[in-house]
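Below is one structure; the comments refer to it alone.
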Amino acid sequence: MIKKSLVTLTIIAILVFIGAMFLDKALVPDSQENRNFTNTNTYLDLNIENDERDAIVRTFNKQQFSKLAKNDRIKIIEKTSGYKDSDIPNIELSKSPKVNITFYNDNGQVIFVENPKLDIYDTQFTLSNTGSEFTVLNGINLEKNGDSYTLPVNLIENISKNNYGIFTLAINYEYNKNSYISYTAVTYECIEFFL
């Protein structure tokens, strides 16, 4: 009888521990070291004026990424939306913030890339919800602005159907004769909220 009780208590303790780990993962933002991942010699940072949060970015060689199984690609892209609300940066459209994308090599030096183009997907109707990518806009040229490129915020405002939402961004670019793709996500607000 005592043996059964100890086994039962051990199982309950293990289940409580697993539940606590799951809750911790669900409630804690993605850590800094896990926010920007690349398996290439380049990566990018997305910086939104008036929001200090770092975007979650995944960068891949475009050809290698396309060879991954569709479900694996979808899982990777989904991770850019974070693990909890407010895990990713927000574009407050009423303030017309500057949104800059800066490209780096693996030594952390700013690089200039060829043909950076932006595709925007509606995250709500994309990925595991439908198993496909729901493109809102694609092939948008990014404008050069000093060492960075500017994301056209007015386009996001024009295509947003709700007051609040999430867009998945795919940035396609070339560097040293190789093609790359980076995925990230942003939330957006179309109106100011008053308390």
Using r as the Cβ-Cβ distance of residue 95 and residue 7, and R0 as 45 Å, what FRET efficiency do you calculate, to the nearest 0.05? 0.15
Cα convex hull volume per residue for the range 40-115, in Å³, equals 129 Å³
Counting only residues 5 or more apart in sequence or on a different chain, those whose built amide H sits under 5 Å from that of residue 38 are 59
Express the accessible area of the range 136-195 per residue in Å², computed with a 1.4 Å probe while the remaining protein chains stay in the model. 53 Å²
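The values are calculated or read from the model by the stated rules, or taken from the named source; none is laboratory data. Please read these numbers as outputs of a predicted model, since none were measured by experiment. Glycine gets a Cβ as well: all are built from the backbone with ideal geometry, and neighbour counts include every protein chain shown. Keep in mind that these areas ignore ligands, DNA and RNA; they rest on the heavy atoms of the full protein, side chains included. Shrake-Rupley method; radii C 1.70, N 1.55, O 1.52, S 1.80 Å.
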